[in-house]
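Q: Supplied in structure tokens, the structure appears directly below.
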Amino acid sequence: MTAHSKPLTQRTAWKALDAHYKKLQPLHLRTLFADDPKRGERMTAEAAGIYLDYSKNRITDETLKLLVQLAEESDLRERIDAMFHGEKINITENRAVLHVALRAPRGSSILVDGKNVVTQVHAVLDKMADFSNRVRQGIWKGHTGKSIRNIINIGIGGSDLGPVMAYEALRHYSDRRMTFRFVSNIDGTDFAEAVQDLNPEQTLFIVSSKTFTTLETMANAHTARVWLLKGLGGDEKSVAKHFVAVSTNEAEVAKFGIDTANMFGFWDWVGGRYSMDSAIGLSTMLAIGPENFSAMLDGFHQMDEHFRNTPFDRNLPVLMALLTIWYIDFFDTHTIAVLPYEQYLKRFPAYLQQLTMESNGKYITLDGNKVDYQTSPIYWGEPGTNGQHSFYQLIHQGTRLIPCDFIAFDTSLNPLGSHHDMLIANIFAQAEALAFGKTAEQVKAEGTPDWLVPHRVFEGNRPSNIIMADRLTPEILGKLVALYEHCVFTQGVIWQVDSFDQWGVELGKVLAQRIIPKLEDKSESEPEHDSSTNNLIRRYRRSKS
Ligand code: G6Q
């Protein structure tokens, strides 16, 4: 039996890490920094314009060596190659996993079942660019001859979170004459609020759904159709001018009444949460234009190349993944806070929650066995500095260890006086305070009364990464997203889970379909669930009568 075919906790590197953890756990970052004056310069890595300072992690060179060994024993190199070569590594759905093909340069080649998918990708990108240009330039007209000024993306999960995040992140580059809204929730309020001040004559809906069968999206799309027809005098022909679709399901798109000439396709080898750079990004392209969209794809591709070609000890996604595993599986931490010090990235933590937790929130290995270690942490966060006035208390002085990813940019897109210096000072200060804290001696030396001293001590030794880049551009956003995509991939390889399926979301969907008719049932029939669900159904029925 080779090292890598062994269960994770039986691998040589895992056992060595276990022993190493016991020695390292009591060490304080203060000591690690004092013993190595160059640590803050040495434990950094830079690639494709993204700088990672990982020096404030509870690691030594030995830790890194063992973590890299773990990656090697997990066959990470072979698994990366398998993904890039289009092998069907999503085994439970028997699919290739090729979001990297979505940003492969024109002219390159990646084969799936003997077909070069890069050619197909660029054909769709060209169609998207042509459509976006026509809408942005006012050439595409609505049913009454007016140009389109409002874009509403209807989609959910992977067909929503990426587009919303990218729109917010790249708003600086967007066409300010246009309004962009995103409807995802089945809660009618989402749709009602999105359209309440819009003129249907100038509104275009993008129905984004890989399957074109998702309950929420289809319900919202039908409601949008009703709203549009009501606003435009009921002429069915208007649908063609005000609805386009992004999907893999041509038959369902046609059934809805959308002209398939206005359908933008993608493929089963694009997972929903890995699809913001496919046609699912149509709203992004409409907002920022095809050139900026291309720059974003180029950014993704640069990070793909870095991930694919760089030794693990200098490989940004691999380093970040290994650090996660170190904390989750050895320090027994449960969460990771993602803290962007950039207002435009306000939806980035929400986007990452799906990317990370839907991918690696799994307890069954590829072999079908139950894991005997922890897998995905809970990712959460808010933009700085707001979080500092809220939950940072717990990160500094709570009983839980919470590794943090701080994200910031050297240059602000909105330079206003000294705002940016103050913003950046805060991020550096937070990471410093978390790592080094404040001792009782220091607190006493400030003249603090003895009884108050314990409250004002910061024990420190709380780890963080700082991720920095020059400025938030479409290209950098692509790099940042690809950084986390490949970090998630690396984690999944080591945890031996299928990072590309999502069976865990199925059961609730099936049960909801069973409950809907029971809520609408006017007879007093027994709901036939458990006593709690039955009681809730009866209570709700009474509220409707
Ligand atoms: C993502 C998931 C999921 C999916 C939504 C929407 O990886 O598969 O979030 O994106 O359920 O699915 P459709 O695009 O098919 O509507």
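The values are calculated or read from the model by the stated rules, or taken from the named source; none is laboratory data. None of the values given here were measured: they were computed from a predicted structure. We place every Cβ from the backbone using ideal geometry, glycine too, and count neighbours over all the protein chains shown. Heads up: the accessible areas ignore ligands, DNA and RNA and are worked out on the full protein's heavy atoms, side chains in. Shrake-Rupley method; radii C 1.70, N 1.55, O 1.52, S 1.80 Å.
Q: Go ahead and estimate [θ] at 222 nm for the chain from helices alone: -39,500 (n - 2.57) per DSSP H run with n ≥ 4, summed, over the residue count, rounded to 500. Intermediate values should be presented prior to the final figure.
A: Details: 22 runs with 240 residues, N = 545.
My calculation for the chain gives -13500 deg cm²/dmol from helical runs alone.
Q: Round to the nearest 10 and report in Å² the accessible area of D35, as given by a 1.4 Å probe over the protein chains' heavy atoms.
A: Rounded to the nearest 10, the figure is 120 Å².
Q: Once both axes come from the Cα atoms, what is the angle between helix 290-309 and the longest principal axis of the chain, in degrees from 0 to 90, rounded to 10?
A: It is inclined by approximately 40 degrees.
Q: Continuing with this model, one more query. May I ask you to give the percent of accessible area on the chain that is carbon plus sulfur, with a probe radius of 1.4 Å?
A: 51
Q: I would also like to ask the following. Does anyone have the angle between helix 117-136 and the longest principal axis of the chain? Alpha-carbon axes, 0 to 90°, nearest 10?
A: 70
Q: Mind jotting down a quarter of the surface of the convex hull over the alpha carbons of the range 325-436, in square nanometres, one decimal?
A: About 8.2 nm², averaged over all directions.
Q: Which order, highest average first, do 370-379, 388-397, 486-495 follow once you tally other Cβ atoms within 10 Å for each residue and take the mean per peptide?
A: Numbers: 370-379: 16.8, 388-397: 15.1, 486-495: 25.6.
The densest-packed peptide leads the list: 486-495, 370-379, 388-397.
Q: A further question follows. Subtracting the Cα-Cα distance from 0.36 nm times the residue separation, let me have the gained length for R471 to N116 in nm, one decimal.
A: 124.3 nm
Q: Right, next: Compute the distance in nm between two label points, each set 7 Å from the Cα along the Cα-to-Cβ direction, one at N133 and one at T411.
A: It works out to 2.8 nm between the two label points.
Q: Further question on the same structure: Local charge sum around P105 (other residues, Cβ-Cβ under 12 Å, Lys/Arg +1, Asp/Glu -1)?
A: Neighbourhood net charge equals -1.
Q: While we're on this one: Rounded, prolate or oblate for the range 433-545? Axes are the square roots of the Cα gyration tensor eigenvalues, ordered a ≥ b ≥ c, and the cut-off for rounded is a/c under 1.5.
A: oblate
Q: Per residue, how large is the accessible surface of the range 376-483? Use a 1.4 angstrom probe and give square angstrom.
A: For the range 376-483, the per-residue accessible area is 47 Å².
Q: Next question. Can you tell me the FRET efficiency between T213 and E62 if r is taken as the Cβ-Cβ distance and R0 is 45 Å, rounded to the nearest 0.05?
A: Values: r = 52 Å, r/R0 = 1.15.
Efficiency at R0 = 45 Å is approximately 0.30.
Q: Let me ask something else. If Rh is defined by the Kirkwood formula over all Cα pairs and Rg also comes from Cα, what ratio Rg/Rh do you get for the range 167-243?
A: Working: Rg = 13.1 Å, Rh = 13.5 Å.
Answer for the range 167-243: 0.97.
Q: For the chain, what is the relative contact order in percent, using Cα pairs closer than 8 Å and at least 6 residues apart in sequence?
A: Taking the mean separation of contacting Cα pairs over the length of the chain, I get 18 percent.
Q: Taking the alpha-carbon distance from K127 and a cut-off under 21 Å, which lysines remain once sequence neighbours fewer than 8 residues away in the same chain are dropped?
A: Partners within reach: K115, K141, K210, K241.
Q: Something else: Return the aspartates and glutamates within reach of K370: Cα separation strictly under 15 angstrom, same-chain partners fewer than 8 residues apart disregarded; answer none if there are no such residues.
A: Within the straight-line limit of under 15 Å, K370 reaches these aspartates and glutamates: D498.
Q: Out of the GluC sites (Glu not before Pro) in the range 223-268, which ones are loop residues according to DSSP with at most 15 other C-beta atoms within 10 Å?
A: Filter output for the range 223-268: E236.
Q: Another question about this same structure. Given the Cα atoms of the range 407-485, and with Rh set as the inverse mean 1/r over their pairs in the Kirkwood sense, what is Rg to Rh to two decimals? Could you put the intermediate results ahead of the total?
A: Working: Rg = 17.7 Å, Rh = 15.2 Å.
Over the Cα atoms of the range 407-485, Rg/Rh equals 1.16.
Q: What lysines does K544 reach when the alpha-carbon gap must be under 16 Å and sequence neighbours fewer than 8 apart in one chain are set aside?
A: Result set, ordered by chain and number: K518, K522.
Q: Ranked from highest to lowest mean number of other Cβ atoms within 10 Å per residue, what is the order of the peptides 343-356, 433-446, 416-429, 213-226?
A: Per-residue Cβ counts within 10 Å, averaged per peptide and sorted highest first, yield 343-356, 213-226, 433-446, 416-429.
Q: Over the Cα atoms of the chain, what is the Rg over Rh ratio if Rh follows Kirkwood?
A: 1.00
Q: Taking loop as defined by DSSP and a crowding limit of 13 other beta carbons within 10 Å, which chymotrypsin sites (Phe, Trp or Tyr not before Pro) in the range 67-149 fit?
A: Of the chymotrypsin sites (Phe, Trp or Tyr not before Pro), not one in the loops of the range 67-149 has a Cβ with at most 13 other Cβ atoms within 10 Å.
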